[in-house]
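The block underneath contains the structure these notes are about, expressed in structure tokens.
The numbers here are math on the coordinates, done by the rules we state, and not lab data. Quick caveat, the model's predicted, so the values are computed rather than measured. For neighbour counting, all protein chains shown are included, and Cβ atoms are generated from backbone atoms with ideal geometry for every residue, glycine included.
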Amino acid sequence: MKKINILLALCLSLCLSFSWAQTPKGSVLIKNGTVLTVTNGTYENTDVLIQDGVIKKIGKDLNAPSGVTTVDATGKYVMPGIIDAHSHVALDVVNEATAPIVAEVRMKDVVNPYEIGIYRALAGGVTISHAMHGSANVVGGQNATLKHRWGSSNPEDIIMQDAPRTIKFALGENPTRVHGRGNGIQPRSRMGVEAILRNGFNEALQYKKAWEDFNKAKSQKGSTAVAPEYNERLQTLVDILDGKIIIHCHSYRADEIYMLINVARDFGIDKLVFQHTNEGFKVAPEIAEYTMGASVFADWWAYKFEVYYSTAFNAAILHRNGAITSINSDSAELIRHLYHEAAKTQRYGNLSDDEALSMITINPARQLGIDDKVGSLEEGKHGDVAIFEGHPLSSYAIPQMTFVDGIKYFDINEDQDDQRQQVSPTETVEPILLTEHNHRCMQDTEHLFETASALFQMNQ
Amino acid sequence: MKKPLWKTGLLGLFAWGLFGSGTLFAQSDPTGQKPITQTYAFTNATVHASPGSEGQKATIVVKDGVIISVGSGVTIPAAAKVIAGDSLYIYPGFIDAASQAGITKPEDPERPSDFVSSNPPDEIAGITPWRSATDQFDISSSQVDDLRKAGFTMAHVLPDGGMIAGKGAIMVLGTKGSTNLIKANTALAASLNGSRGMYPGTTVGVMAKFRDVYKNTNLTQDRIATFTSNSGVTRPEINQTYSAMTEVVNGQIPVFFEVENDLEVRRAISLQKELGFKLVVYGLEQYDEVIDLLKSSGVGVILKLETPDDKAIKSQKDDVDEAVQAQYDRVKESYDRTIAQAGKLAEAGVAFAFSTIDAKPSDAMKSLRAMIEAGLTESAAMAALTTNAASMIGMNRIAGTVEQGKIANLVITTGPIFSEDSQIKHVVADGSIFDYEIKTKKKNGNGEATVEVAGTWDYTSETPAGSSGGKLTIEKDGDDYSGTITYDDPSGNGTATSPISDVSISGSQLSFSFEVSAGGMAISVSVSGEISGNSMDGSMNIAQFGSFPISATRNPNFISNN
């Protein structure tokens, strides 16, 4: 038995290293910059050596091993690659909006490595984004954590394969509008959202038990047990209950945030992050005690009724209450200057430099379950680095270079007018989506509202 | 367990076959359509028996739908109708490896009163693996005529539908009197397209649902096995979907997955790797990035028989600044790269075939020539049209080459097939001969007088949607013609007007084209017709839908010229 285990472990580690070996890795020595480690203070005139994609050494007067290029960062700031905990970049589909629970759908199926948004994010120092399902469903699809390895044609290459699974939940107006008002089914109200969640998890428990019973019976000699129906939707909920998936829940109001905390506690779930969380400041101690924190906007609100009661002090209040707090973009535009967004916590809340930077580096990393690999400049972590002219929290900051796994994917001096990977053979000027700056949370749901009006007419 | 369903399926097929064959010509044929003989001899033609083979002078005799001899000294049976082939070139009939010619999508069933869009019945959600292309195919469709006219003699027709549309069938493109069925139940047609306004609505939903259907088909089979060999077991729930998916999960038939670009190729292959079915991807347009993957994964590959239009390149202006020029260059580069893909794929050793779904068969030769010019060898192009396609659909025993014993499917041209001025003169399909008019080249200079086309015409056309019509106005503009055409607005509100373009007159033939905007999409329509006096008869070709008859009469000009 032991032998088998060892074999298994060996195989597993081999497989892992194999898949890891597929993505490109580089080596670089970044010399003489002001190194903002975020977790271990700031060092001036310090070098960062990345070898084979991993931060090998942070220190003074390091020498480049043979074959390793050197980048002079004199007078510049070197910080960990920025992490966006809420984005929809590089996804061909955002919402499978057709059912209140669609836990079975996987955003990894529809990652599009050609999307120019990846490059634009790199130009803002962002190395990792959390490509999320939309917010049309109470339980949305499983998200993909992406590493911005721009230039690859293979979606597998930009998916961070060693990041844990995460899933999208949504409360409030979006799911009640799509399903309740749009389709005349539960949830029509916030109470309905809670009912969907509790029913879903209870069904998942029954599903889990049915399979456990079957597998137990099947192992008996001469068993005639027949398998229950396979249901990946319920299986995914089971995986949430078993702690294998981190919930990232779209939410605004304090009452619904507290509702989900209670649901999670009742079902023994502790891997839970709130997204948007505009009224998080009202329930900050509860968020701090029972969850993995909140990922918020710096100052974006009033785009619908449930988002009116908001404050720019939200992030600072959450943080001061001990909640893990990050600042996200949820936007192809904001993702390009998350460092500005983080700086707003200094104007509204007087956070220190490290505290403000942690909102876009180590804190989102913790919320995505990848803080052991990225999110700060520490020896042994991935070589994901952004170099800035001017302090990144300054209004005058300009990103200079961005590295992922030690490979440079953005350099302001090599930036071309046309950075597209793919060009249409039949259109000189390709159509541009002018709604880019809007939320993409509700993308692909428009048709549901047509259906709704058709239903109303039918019933008359 | 699955028998009841199977039986009904078989019975249905039987009944269909019987009715079909009932229309075969009887001994005494009052319609006069029955050909005088089923034996033909094409004498002394240049025969290219298989892709890449040198043309050799030979005589081909076909009888009752079979090639009975090919060679130089063959005896010509007394019953044979002899066609002198001295100036002609003969090739194996083309095979469309994934086609929807002659296929009409069945009407969607009515939604039940308790319909819930989050959990719709399979049939409404586009999950209909039990449907068969045989029930949707009509040999007398103008699309079949168009396909045959382009040299295709056999088609693997796929049903029209949603994410799992149903089972394909192989049809020979023979005469109207027969079912033309060679084999039913050949493959499962699938796509990544969601159902509008219900689950699964998008590609992510479709991929999840496909996994669900596949895994539950497996489990249902296990349950049936346990139930049939034991007592005391709860009756397994058997439904149409899982029953019809059985052959797929057992590896008896492949899944034909519709994909357009490299990302979709990867999606189909990732499902295949996860679930383990046999996979053929069809309809590929952009695949340059996955040529290695297509090779290494060993999946069947069927390219869309179409090259992109060069309108964007042709409309590029001369005097532009550097930035615009750089953009132009990228479009050109992308265009060149797109048409060179087929050649690269062949060079990589992938034995691909072609599909005409969503492509215009009348442009097939033009597209092939573009691919050949960009690096595809003529023999690879020919293999894609014949032998590769035959192997892919399991028909290489009877089709794909000109050989004794093979089905009598031939393309007969006036010149080497891929040369610019070669035209298809005859197509032999299932032993029946179809003749096509050969257009003589336009004479230069002031040779023939051309007809006068200017004026206002009233036209009517017959489409499957019914009879419609409008006004066609043509004005002479120097040496060129311009004008407008009106038609019923596809959005259902009155009439719409479009300018006509590419007006050309050759002898008494008028041709022009125009674009109809329907639901945000531009559909291109081309019209050609024979003018005699004040009337015109011809056909109207609507991209992707086929050709339909059109006739027009010119209004007398009441306005005095004085």
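Brief remarks on what is shown
- In chain B, helices alone account for a calculated mean residue ellipticity at 222 nm of -8000 deg cm²/dmol, with every DSSP H run of four or more residues adding -39,500 (n - 2.57).
- Alpha-carbon spread of segment B:455-554, three principal axes, descending order, Å: 35, 25, 23
- Violating pairs (Cα-Cα greater than 26 angstrom) within the set A:K108/A:K271; A:K108/A:K373; B:K332/B:K439: B:K332/B:K439
- Close amide H partners of A:H250, meaning residues 5 or more places away or on another chain with modelled amide H under 5 Å apart, are A:F169, A:A170, A:L171, A:Q275.
- Hull-based mean projected area of the protein assembly as shown, where the convex hull spans the alpha carbons, in square nanometres: 53.0 nm²
- Loop-resident trypsin sites (Lys or Arg not before Pro) (DSSP state other than H, G, I, E or B) in segment A:287-384 with no more than 15 further Cβ atoms inside 10 Å of their Cβ: A:K304.
- Remark: segment B:93-147 carries a charge dipole of roughly 120 debye about the Cα centre, counting +1 on each Lys and Arg Cβ and -1 on each Asp and Glu Cβ.
- Cross-link partners for A:K216 among the lysines, with Cα-Cα distance under 26 Å and sequence neighbours closer than 8 places in the same chain left out: A:K2, A:K3, A:K208, A:K244, B:K215.
- When segment A:79-122 is reduced to its Cα atoms, the Kirkwood hydrodynamic radius in Å: 12.3 Å
- For segment A:79-95, 3J(HN,Hα) per residue [Karplus equation, 6.51 cos²θ - 1.76 cosθ + 1.60, θ = phi - 60°, Hz, x = Gly/Pro]: 10, x, x, 6, 10, 9, 7, 8, 8, 10, 6, 6, 10, 6, 10, 10, 10
- Expressed in Å, the radius of gyration and Dmax of the Cα atoms of segment A:334-380 are 11.3, 34.
- Proximal aspartates and glutamates to A:K76, defined as alpha-carbon separation beneath 18 angstrom and excluding residues fewer than eight positions away on the same chain: A:E44, A:D47, A:D61, A:D353, A:D354, A:D384, A:E389, A:D411, A:E414
- Normalising the Debye intensity of segment A:373-434 to I(0), with uniform scatterers on Cα atoms only, and taking log10 at q = 0.20 Å⁻¹ returns -0.90.
- In this structure, the amide hydrogen of B:I550, modeled 1.01 Å from its nitrogen in the peptide plane, lies closer than 5 angstrom to those of B:G538, B:S539, B:M540, counting only residues at least 5 positions away or on a different chain.
- Spread of Cα-to-Cα distances over 5 Å intervals beginning at zero, given as percent, for segment B:380-534: 2, 7, 11, 14, 12, 11, 12, 13, 10, 6, 2, 0
- Long hydrophobic helices in chain A, taken as whole DSSP H segments with a C-alpha length of 24 Å or more on their own axis and mean Kyte-Doolittle hydropathy at least 1.0: A:2-22.
- Size descriptors for chain A: radius of gyration and Dmax over Cα atoms are 23.1, 79 Å.
- The longest part of chain A holding none of the exposed loop chymotrypsin sites (Phe, Trp or Tyr not before Pro), meaning those outside H, G, I, E and B in DSSP with at most 11 other Cβ atoms within 10 Å, is A:1-302.
- Computed across segment A:188-229, the Kirkwood radius stands at 12.0 Å (inverse of mean 1/r, all Cα pairs).
- Segment A:30-91 and segment A:156-205 have Cα centres separated by 39 Å.
- Shape parameters for chain B, alpha-carbon atoms, Rg then Dmax in Å: 25.9, 99
- Across segment B:300-305, computed HN-Hα scalar couplings (Karplus, 6.51 cos²θ - 1.76 cosθ + 1.60, θ = phi - 60°) run x, 10, 10, 7, 5, 7 Hz from first to last residue, x flagging Gly and Pro.
- Helix-only [θ]222 nm of chain A, DSSP H runs n ≥ 4, -39500 (n - 2.57) each, per residue, nearest 500: -9000 deg cm²/dmol
- FRET E, pair B:S468, B:R337, Förster distance 60 Å, beta-carbon r, rounded to 0.05: 0.90
- Distance violations [Cα-Cα > 32 Å] among B:K149/B:K406; A:K147/B:K167; A:K408/B:K278: A:K147/B:K167; A:K408/B:K278
- In this structure the amide hydrogen of B:G375, modeled in the peptide plane, comes within under 5 Å of no amide hydrogen from residues 5 or more places off or on another chain.
- By the count of other C-beta atoms within 10 Å, a proxy for reagent exposure, B:I60, B:I313, A:I82 are ordered fewest to most as B:I313, B:I60, A:I82.
- Charge context of B:F418, other residues only, Cβ under 12 angstrom, K/R +1, D/E -1: -2
- Each Cα pair of segment A:82-235 feeds into the Kirkwood radius, which the Stokes-Einstein equation turns, at 25 °C and 0.890 mPa s, into a diffusion coefficient of 141 µm²/s.
- Each Lys and Arg contributes +1 and each Asp and Glu -1, all at the Cβ; summed about the Cα centre of the protein assembly as shown, the dipole is approximately 3460 debye.
- Entry note, segment B:455-554: relative contact order of 22 percent, from Cα contacts under 8 Å with a spacing of 6+ residues.
- Entry note, chain A: relative contact order of 20 percent, from Cα contacts under 8 Å with a spacing of 6+ residues.
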